[in-house]
Amino acid sequence: MIILGIESATSQVGCAIGGHEGVLASVHSSRGRRHAENLAPQIDFVRKQARINLDEISVVAVDVGPGLYTGLRVGVATAISVAFGLGVPMIGVSSLDLLAYPVRHCTKLIVAAIDARRGEIFHANYRQVPGGVQRVSNPSVGNPEDVAAELLAHGHEALMVGDGAIRFADIFANLRGVEAAEPSMAYPSAASLVQLAHAKALREDFVKPSDLKPVYLRKPDAVEMDQQNRKHV
């Protein structure tokens, strides 16, 4: 089983290929939100690095968000197109799950946080379980101050991971028992996507390309601005 993973929910975009042997090749880049320009060359690059032909890919996995609207839309649309073209099933994985997975050995509460712009973060909480992590709160969008207040109120020792934790480090830095993960873990990983997707594939937890939907959690900026302007007309 060969899995192509496409990740584009943040300012970084990445692809990876792997299967039962693990991740065979991966690549990431951050070039001014040029997700649409970068994805096709990245897919071709990882395919060649892994020495895999397109027709050998049996599953397409994609980060379904939450995340930044444009990048997420590009990644999901590209993944659906590839899956349709190859006639293979898909697997969707949350961007927040992808942030929590690399720190799965942490015994503290794991808070995955993605910078949602507008002074907000997409976030969810996780706990270590045998073999990985388990999400213990639904993905949400809100103010980092509210997340900090909740951590303070419950007295949780926590590990913050993601570019949202870095963006609002001043808000979380003074919370007792709360630490930040390494900056190298600031973005969802395409390699983690392939690893998590492989476990889902073994359970045949597939979706049809036509049924896969991204998770936005809120309307894109342009839509909200248009609605606000209409209210004032």
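The values are calculated or read from the model by the stated rules, or taken from the named source; none is laboratory data. Computed from a predicted model, the values in this text were never measured in an experiment. Cβ placement follows ideal geometry from the backbone for every residue including glycine, while neighbour counts extend to all protein chains displayed.
Filter the stretch 62-104 for residues that are polar (S, T, N, Q) and within 21 Å of Arg118 (Cβ to Cβ); which is farthest from the chain's Cα centre (by Cα)?
Thr70
For the stretch 146-159, state whether one or more residues are touching a residue at least 40 places away in the same chain (Cβ under 8 Å) and either β-branched (Val, Ile, Thr) or in contact with a Ser or Thr (Cβ under 6 Å, 6 or more places away or on another chain) (or both). Can you show your working first?
Going residue by residue through the stretch 146-159, those that are touching a residue at least 40 places away in the same chain (Cβ under 8 Å) are 151, 156-159.
Subsequent filtering for residues that are either β-branched (Val, Ile, Thr) or in contact with a Ser or Thr (Cβ under 6 Å, 6 or more places away or on another chain) (or both) retains none.
The answer is no, given that none of the residues of the stretch 146-159 is touching a residue at least 40 places away in the same chain (Cβ under 8 Å) and either β-branched (Val, Ile, Thr) or in contact with a Ser or Thr (Cβ under 6 Å, 6 or more places away or on another chain) (or both).
Just to check your reading of the model, which residue among Val133, Val88, Val141 is in the same structural domain as Leu196 (by TED's automatic domain parsing) and not in a helix (DSSP H, G or I)?
Working: Val133 fails: in the same structural domain as Leu196 (by TED's automatic domain parsing); Val141 fails: in the same structural domain as Leu196 (by TED's automatic domain parsing).
After ruling out the rest, the residue left standing is Val88.
Pick from Leu109, Leu86: which is touching a His at 6+ places or on another chain (Cβ under 6 Å), in contact (Cβ under 8 Å) with a residue 24 or more places away in the chain and over 17 Å from Gln12 (Cα atoms)?
So the residue among Leu109, Leu86 that is touching a His at 6+ places or on another chain (Cβ under 6 Å), in contact (Cβ under 8 Å) with a residue 24 or more places away in the chain and over 17 Å from Gln12 (Cα atoms) is Leu109.
If a residue has to be surrounded by 14 or more Cβ atoms within 10 Å (Cβ to Cβ) and part of a helix (DSSP H, G or I) to count, how many in the stretch 180-223 make the cut?
Result for the stretch 180-223: 13.
What tally of residues in the stretch 21-54 results from selecting those that are out of contact with any helix residue (DSSP H, G or I) (no Cβ under 7 Å at 6 or more places or on another chain), in a helix (DSSP H, G or I) and charged (D, E, K, R)?
Taking the stretch 21-54 as the starting set, the residues that turn out to be out of contact with any helix residue (DSSP H, G or I) (no Cβ under 7 Å at 6 or more places or on another chain) are 21-22, 30, 32, 34, 37-38, 40-46, 48-53.
When the remaining residues are screened for being in a helix (DSSP H, G or I), the result is 37-38, 40-46, 48-50.
Those left that are additionally charged (D, E, K, R): 37, 44, 48.
The qualifying residues number 3.
For the condition surrounded by 16 or more Cβ atoms within 10 Å (Cβ to Cβ) and of a type outside the set (A, V, I, L, M, F, W, C), what is the one hit in Gln42, Gln49?
Details: Gln49 fails: surrounded by 16 or more Cβ atoms within 10 Å (Cβ to Cβ).
Result of the check over Gln42, Gln49: Gln42.
State which residue is farthest from Pro209 (Cα to Cα) when the search covers only the stretch 15-37 and only residues that are small (Gly, Ala, Ser), touching a Gly at 6+ places or on another chain (Cβ under 8 Å) and in contact (Cβ under 8 Å) with a residue 60 or more places away in the chain.
Filtering the stretch 15-37 for residues that are small (Gly, Ala, Ser), touching a Gly at 6+ places or on another chain (Cβ under 8 Å) and in contact (Cβ under 8 Å) with a residue 60 or more places away in the chain, the one farthest from Pro209 (Cα to Cα) comes out as Ser26.
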